[in-house]
Amino acid sequence: MSVPALLPPVTTPALDLSFGAGPIDLATRALVVAVVPTPRWGREAEVLAGVRQAAEAGADVVEVPAEPRLLGPAAAADLVPVAARVDTADAARAAANAGAKLLLVPAPQASPVVDDPDAGEWPVAVLVTDAPAGRDAVAAHPDRPVALDVTALSPIDGVAETSLALSVGVRLVRTGD
């Protein structure tokens, strides 16, 4: 008697990201992307404190506001690789120039950014909000990592959605916790 599988088999991506010391093989692990929100007073020190806290908590990558005056100092601190959420090729270019090591592009805007002539130089991940969208993004962009945004979900829903998303090939999890 066979037991039916509850989840589809995990899609093993043949992808890696290069940060600091070398490439991270996404076939063997998923990465945690901690989010540092836009600071209340718009000060670089607030962003740097958030980056420091995320690094101490063990985040693999820290997303900071894409504004170059906030992103630049966070990247220069070199505590942990810095990511930025962008939705246009111009924003991607500015964030990369400010020191972002990873660009998170929402799925609906991913194609224009990924298809930009400079995109080959940018480490771009496609950002989705649920596992079905993650499955579709993995199929549409097999050469790019896919990131799941669980910042708006409750902790229980976040764990459930993350588990399902990982099973369909998502390899980064964007979280505020």
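Brief remarks follow.
- Of all the numbered requirements in (1) closer than 26 Å to VAL47 by Cβ; (2) surrounded by fewer than 18 Cβ atoms within 10 Å (Cβ to Cβ); (3) not aromatic (Phe, Trp, Tyr), VAL124 misses one, and that requirement is (2).
- For the stretch 97-109, a residue qualifies if it is in a helix (DSSP H, G or I) and surrounded by fewer than 21 Cβ atoms within 10 Å (Cβ to Cβ), and the qualifying residues are ASN97, ALA107, PRO108, GLN109.
- Among the residues of the stretch 75-96, the ones that are in contact with a strand residue (DSSP E or B) (Cβ under 7 Å, 6 or more places away or on another chain) and either assigned to a loop (DSSP other than H, G, I, E, B) or of a type in the set (Phe, Trp, Tyr) (or both) come to 4 in all.
- All told, PRO155 meets the bar of being open to solvent by 60 Å² or more (accessible area, probe 1.4 Å) and farther than 21 Å from ASP25 by Cα.
- Applying the condition of being part of a strand (DSSP E or B) and touching a helix residue (DSSP H, G or I) at 6+ places or on another chain (Cβ under 9 Å) to the stretch 153-177 and asking which residue is nearest to ASP115 (Cα to Cα) yields VAL173.
- Residue ranges of strands (runs of 3 or more DSSP E) in the stretch 1-70 with at least 1 members at pLDDT 90 or above, among the small types (Gly, Ala, Ser) and surrounded by 11 or more Cβ atoms within 10 Å (Cβ to Cβ): 31-35
- Among the criteria (1) over 29 Å from SER163 (Cα atoms); (2) assigned to a helix (DSSP H, G or I); (3) open to solvent by 70 Å² or more (accessible area, probe 1.4 Å), the one PRO117 does not fulfil is (2).
- The residues in the stretch 130-152 that are farther than 18 Å from VAL114 by Cβ, in contact with a strand residue (DSSP E or B) (Cβ under 7 Å, 6 or more places away or on another chain) and surrounded by fewer than 19 Cβ atoms within 10 Å (Cβ to Cβ) can be counted, and the count is 1.
- Out of ASP78, ASP25, ASP87, one residue alone is of a type in the set (Asp, Glu) and within 17 Å of ARG174 (Cβ to Cβ). It is ASP87.
The values are calculated or read from the model by the stated rules, or taken from the named source; none is laboratory data. Owing to the predicted nature of the structure, the values given are computational and were not obtained by experimental measurement. So basically every Cβ, Gly included, is an ideal-geometry build from the backbone, and we count neighbours across all protein chains shown. The protein model used for the area step is the full one, side chains on, heavy atoms only, and it has no ligands, DNA or RNA in it. Shrake-Rupley method; radii C 1.70, N 1.55, O 1.52, S 1.80 Å.
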